[in-house]
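One structure is given here, and the rest of the page talks about it.
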């Protein structure tokens, strides 16, 4: 938990909104839950809500600040239920609904802006960020608790705990504001393997470079980059063992492994390899667990450019349950030299604090070229 600095203003006000369906498409491989149709599909595939748990993690980190904090929350599962569970006294905006929409998010955000909150905190992904942008623009400072599947915007804490530290540092420690990019991708194109990101605008947000993620940087396509990816892929292929199942995450570097094996790997999905052949494409958490149950396996992932996440962003299908089942010693991280040069460290946000702690306990050897690795710390 966090301690409020000794010299604090008497009271600061946080507006708190939860998108209760954010992130449900991740583990089931749907790459988002924007729209009722895709949400229903996620539920039919067994998707479970994750937003409430991550909202409670954020609020728990604020408990020591309660005496100095006025909290205004969305109704029902949009903040009220989570604040009640964490023992906060709060005010409620709007009325509780069984099913919530983006219009409900925007309505709550507008009311909180009219209430002159010092900071608006929301739990969601890029779709929720756009809703908040539409509602408040640059009127008030905004901070995101990472809860969605798509999180390209530069407004999120790297974890719910980090978001809480940023909130306290801004409200009582004078952390500066910046104009942060609001990005989102076309979900339908994303599900078909095409990454089409667009800048929708800017919002004022507290900035602390170690605790706030940057916007995602696209992979370079220079000749040197392509050669580097090929060299990495050749080395990984040479090291592949026929008795192992390989869980290969999204990205251009990992896709090159499939290209050199003459296998059509999905760019933005997770695929399974055995004997240097793809046995299943674009799999979800359940399919991975079933395919690797009782089997020796390895996970191959590449960090997100500009952010450094190896787990918890864009590959939520590789859940904490899968990582534990496979074992921390069976994780292979690959990245080109140029991508790694732009990162100070790797990051994880699996939703399992103990697993994240274990992953952060040791440096990771990242494959950066043919038979060449570089040690990187994990935050």
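Residues of region 107-166 that are closer than 15 Å to residue 14 by Cβ and assigned to a loop (DSSP other than H, G, I, E, B): 115, 116, 117, 118, 140, 141.
In region 177-210, the residue that is farthest from residue 371 (Cα to Cα) out of those that are assigned to a loop (DSSP other than H, G, I, E, B) and modelled with pLDDT of 90 or more is 207.
Out of 109, 65, one residue alone is crowded, with 21+ Cβ neighbours inside 10 Å and either modelled with pLDDT of 95 or more or farther than 24 Å from residue 141 by Cα (or both). It is 109. All conditions in (1) modelled with pLDDT of 95 or more; (2) within 28 Å of the chain's Cα centre (by Cα); (3) closer than 28 Å to residue 343 by Cβ hold for residue 280, with the sole exception of (3).
Among the residues of region 337-361, how many are closer than 18 Å to residue 252 by Cα and in contact with a strand residue (DSSP E or B) (Cβ under 7 Å, 6 or more places away or on another chain)? The total comes to 3.
Residue by residue, here is whether (1) in a helix (DSSP H, G or I); (2) closer than 30 Å to residue 145 by Cβ; (3) free of Cβ contacts under 8 Å to residues at least 12 places away in the same chain holds:
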position	(1), (2), (3)
227	yes, no, yes
237	yes, no, no
250	no, yes, no
257	yes, no, no
262	no, no, yes
265	no, no, no
272	no, no, no
290	yes, no, yes
303	no, yes, no
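The single condition among (1) within 19 Å of residue 20 (Cβ to Cβ); (2) at pLDDT below 95; (3) surrounded by 15 or more Cβ atoms within 10 Å (Cβ to Cβ) that residue 97 does not meet is (3).
The values are calculated or read from the model by the stated rules, or taken from the named source; none is laboratory data. Small disclaimer: the values here were computed from a predicted structure and weren't measured. All Cβ positions, glycine included, derive from the backbone under ideal geometry; neighbour counts span all protein chains shown.
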